[in-house]
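Working notes, beginning with the structure itself.
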Amino acid sequence: MWQKLSLRARINLLLALVLTLGLAINIARLVVEAGPRVQAEDQSVIRLAREFIEMIVADLNEAPDPEARLNRITGDLSRLRHVSITRQADGVARRPERAEDSDDPRAPPAWFVSLVHPETTSVSVPVSIHGQPGSLVIASHPNDEIAEIWDGIVTQIEVGSAIALVRF
């Protein structure tokens with residue numbers, strides 16, 4: 001069959017195979033690196049959020065209304081992308097609602113999410129208002145980073161397909 005093809009068809013077929021192999025190797029590399037990348041991002045964002053919260057609540061009791069200031073802080077921090085902040089006082093959690101992206105058509109499929117195995121990390125930062133103990137719990141959301149990785153994979157497939165279509 002190979003001999004029946006023209007020289008141009010053979011070269012085009014060989015080029016298509018090389019491009020497909022390169023695309024497959026690059027996508028496989030992205031999938032293999034996804035788990036460690038998600039874990040590193042998760043730990044980094046938790047550490048950063050914890051240091052930030054420790055800094056802004058250090059002088060909480062000096063505010064005219066520490067309770068209102070803590071509520072404002074948790075409300076402002078609810079807009080963070082890769083983490084959520086849960087306020088706990090007397091064992092009762094008060095958590096701002098987080099919008100889920102499950103209806104997003106570009107969300108990663110369940111098989112990819114389970115392949116990456118995201119684990120949610122949570123850290124408690126103690127907060128005391130006039131001697132009354134409480135805490136802010138920082139919980140990571142690895143699905144945000146997984147969605148970024150998936151979007152990169154989809155983009156590579158789209159660009160690779162476009163190049164293949166233009167070539168032929």
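The values are calculated or read from the model by the stated rules, or taken from the named source; none is laboratory data. Bear in mind the structure is a predicted one, so any value in this text is a computation, not a measurement. All accessible areas refer to the heavy atoms of the entire protein, side chains included, with ligands and DNA or RNA removed. Shrake-Rupley method; radii C 1.70, N 1.55, O 1.52, S 1.80 Å.
For the range 5-41, taking the residues that are of a type in the set (Gly, Ala, Ser) and at pLDDT 90 or above, the one that is farthest from ILE146 (Cα to Cα) is identified as SER6. If only residues of the range 36-68 that are open to solvent by 70 Å² or more (accessible area, probe 1.4 Å), hydrophobic (A, V, I, L, M, F, W, C) and assigned to a helix (DSSP H, G or I) are counted, the one that is farthest from SER78 (Cα to Cα) is MET55.
For the range 121-168, the set of residues classified as part of a helix (DSSP H, G or I) and more than 21 Å from the chain's Cα centre (by Cα) consists of GLU158, VAL159, GLY160, SER161, ALA162, ILE163, ALA164, LEU165, VAL166, ARG167, listed by residue number.
Of all residues in the range 1-34, those being closer than 12 Å to GLY160 by Cα and either open to solvent by less than 70 Å² (accessible area, probe 1.4 Å) or not in a helix (DSSP H, G or I) (or both) number 6.
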